[in-house]
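Structure first, then comments.
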Amino acid sequence: ANLTRQDGEEFLALAPQVPIKTEVQVFPLKQTNEALTALREGKIQGAAVLAM
């Protein structure tokens, strides 16, 4: 994990060419317990997000 500034610059130049698709599941704040349960049970694809 010894990266140089040049390594970072090369990565950042390459990053827009990589097709990354993120998945999020949004939960209203009042459903925090349901979101935590879904996380514990492995029912979340990607990341769970709480909307304030």
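We did not get these values from a lab; they are worked out from the coordinates using the rules stated. Since we're looking at a predicted model, the values are computed, not measured. Quick reminder, even Gly has a Cβ in these numbers, built from the backbone with ideal geometry, and neighbours come from all protein chains shown.
222 nm [θ] for the chain, helices only, -39500 (n - 2.57) per DSSP H run of 4+, per residue, to 500?
Helix-only estimate at 222 nm: -10500 deg cm²/dmol.
Regarding the chain, what is the average projected area of its C-alpha convex hull, in nm²?
So the Cα hull casts an average projection of 5.8 nm².
What number, in percent, do you get for the relative contact order of the chain if the mean sequence gap of Cα pairs under 8 Å and at least 6 apart is divided by its residue count?
Contact order relative to length: 40 percent.
In debye, nearest 20: dipole of the chain around its Cα centre with unit charges on the Cβ of K, R (+) and D, E (-)?
260 debye
For the peptides 21-34, 3-16, what is the packing order when you average, over each peptide's residues, the other Cβ atoms within 10 Å and list the highest mean first?
My ranking of the peptides, most packed first, is 21-34, 3-16.
For a quick check: with amide H placed at 1.01 Å from N, whose amide H comes under 5 Å from PHE27's, ignoring anything fewer than 5 positions away on the same chain?
Counting only residues 5 or more places away or on other chains, the set is VAL49, LEU50, ALA51.
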